[in-house]
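Visitor: My questions all concern the structure below.
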Amino acid sequence: IEKNFTSMDNYSVSGIIHRGGTIIRTARSEKFMSKKWRKVVYRQLRMANIDGVILIGGNGSFAGANVFTSEFDMPFIGVPKTIDNDVYGTDFSIGFDTATNTALDAIDRIRDTADSHHRLFFVEVMGRDLGFIALHCGIGAGAEAILVPEIKTNVDDIIAKLEMGWRRNKNSLIVVIAEGAVKGGAIKVAEKVKARFGHYDIRISILGHIQRGGNPSCSDRVLASRLGNEAVKAYTYGKKNVLVGIKNNKLIYTTFAKSFSEKQVINKDLLLMADELST
Ligand code: F6P
């Protein structure tokens, strides 16, 4: 849109594999929502002699690509990157593993305080629409309860689980909450629980944007290398309007249209297992 092009070659990405963030600094754009501006984008790309785009992004980016590629003749190859892991067409998106490990490290530290002082912590992690981060770091941290947007939160159930922990003389209790699980997030849930469960000193911790930055985990570096490499190959093979993903450790392609029309889902068996293990 801004006609802000920078030439890059393979040296442009040397020395950045260990860094978080984006060096090209592209971001969401309201303008891209209107056809008038998408036309401008198409013209700018053509004028800059760009004949294909490798798009690194999440759900919103692929929804945009789905519209753009249906309007203009420009091949796009997508690389899924979002800590929320909410892109259909891949088991894992770049960033999810790092964010989950960052959250896990924070919860481990919180557990030390909680254990030392007989506390109940409500820890809010990111995840607007899906509970991938909460589910995975909740299992990893041995949380007593995990709340995700996919399952309606029932305060009675949470209290029943916490009562169980108390009866077992647990020194600490931790509830991990995805930000989108309950309107008002961890603060709201803690308020409701506090009114009826007084056995522990209660604290709330909202992890926020620390989950978005930092050095990528090894798994994320390997995943990004595989997906990026395959995206370039896909383009040279003449593929268009697909995203590259990983399923059962194999690289696969999914059209933007399909990715857009389907919904990524958490593994509900993992949620049941977490419940069994914390009972
Ligand atoms: O889409 C990823 C995500 O990290 C969400 O989990 C979170 O709600 C949102 O982005 C935060 O976005 P922003 O940085 O614009 O506040």
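Visitor: What number of residues in region 213-233 are open to solvent by 30 Å² or more (accessible area, probe 1.4 Å) and of a type in the set (Ser, Thr, Tyr)?
Guide: Matching residues across region 213-233 total 2.
Visitor: In region 50-68, which residues are out of contact with any Leu (no Cβ under 9 Å at 6 or more places or on another chain), polar (S, T, N, Q) and within 14 Å of the ligand (Cβ to nearest atom)?
Guide: 59, the sole residue that qualifies.
Visitor: Residues that are closer than 27 Å to residue 26 by Cα and open to solvent by less than 20 Å² (accessible area, probe 1.4 Å): which strands (runs of 3 or more DSSP E) entirely in region 52-152 hold 3 or more of them?
Guide: Filter on region 52-152 gives 76-80.
Visitor: Please enumerate the residues belonging to region 1-46 that are touching a residue at least 40 places away in the same chain (Cβ under 8 Å), aliphatic (A, V, I, L, M) and open to solvent by 60 Å² or more (accessible area, probe 1.4 Å).
Guide: 17, the sole residue that qualifies.
Visitor: Quick check on residue 260: is it open to solvent by 90 Å² or more (accessible area, probe 1.4 Å) and touching a helix residue (DSSP H, G or I) at 6+ places or on another chain (Cβ under 6 Å)?
Guide: Criteria met by residue 260.
Visitor: What number of residues within region 234-250 are surrounded by fewer than 13 Cβ atoms within 10 Å (Cβ to Cβ) and out of contact with any Ser or Thr (no Cβ under 9 Å at 6 or more places or on another chain)?
Guide: 6
Residues checked against (1) more than 16 Å from the ligand (Cβ to nearest atom); (2) under 25 Å from residue 179 (Cα atoms); (3) among the aromatic types (Phe, Trp, Tyr):
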position	(1), (2), (3)
48	yes, no, no
72	yes, no, yes
89	yes, yes, no
93	no, yes, no
105	yes, yes, no
112	yes, yes, no
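Visitor: Could I ask something else about it? Looking at (1) in a helix (DSSP H, G or I); (2) within 16 Å of the ligand (Cβ to nearest atom), which is the one condition that is false for residue 189?
Guide: (2)
Visitor: What number of residues within region 174-184 satisfy the criterion of being closer than 16 Å to residue 120 by Cβ and within 16 Å of the ligand (Cβ to nearest atom)?
Guide: 2
Visitor: Quick check on region 192-208. Is at least one of its residues surrounded by 14 or more Cβ atoms within 10 Å (Cβ to Cβ), within 31 Å of the chain's Cα centre (by Cα) and within 16 Å of the ligand (Cβ to nearest atom)?
Guide: Yes, some residue in region 192-208 is surrounded by 14 or more Cβ atoms within 10 Å (Cβ to Cβ), within 31 Å of the chain's Cα centre (by Cα) and within 16 Å of the ligand (Cβ to nearest atom).
Visitor: OK, next. In region 153-181, how many residues are open to solvent by 60 Å² or more (accessible area, probe 1.4 Å), under 21 Å from residue 267 (Cα atoms) and part of a loop (DSSP other than H, G, I, E, B)?
Guide: Of the residues in that region, 2 qualify.
Visitor: Go through region 188-197 and count every residue that is of a type in the set (A, V, I, L, M, F, W, C) and without any contact (Cβ under 8 Å) to a residue 24 or more places away in the chain.
Guide: 1
Visitor: Do we find that residue 69 is among the β-branched types (Val, Ile, Thr) and either within 17 Å of residue 232 (Cα to Cα) or touching a helix residue (DSSP H, G or I) at 6+ places or on another chain (Cβ under 8 Å) (or both) in this structure?
Guide: In short, yes.
Visitor: Show the residue pairs that are 6+ apart or on different chains and have beta-carbon atoms under 6 Å apart, the first residue being within region 225-244 and assigned to a helix (DSSP H, G or I), the second being open to solvent by 30 Å² or more (accessible area, probe 1.4 Å).
Guide: Hits for this filter: 230/251; 231/54.
The values are calculated or read from the model by the stated rules, or taken from the named source; none is laboratory data. What you see is a predicted model; the values in this text were computed from it and never measured. We place every Cβ from the backbone using ideal geometry, glycine too, and count neighbours over all the protein chains shown. These accessible areas exclude ligands, DNA and RNA; they are computed on the full protein's heavy atoms, side chains included. Shrake-Rupley method; radii C 1.70, N 1.55, O 1.52, S 1.80 Å.
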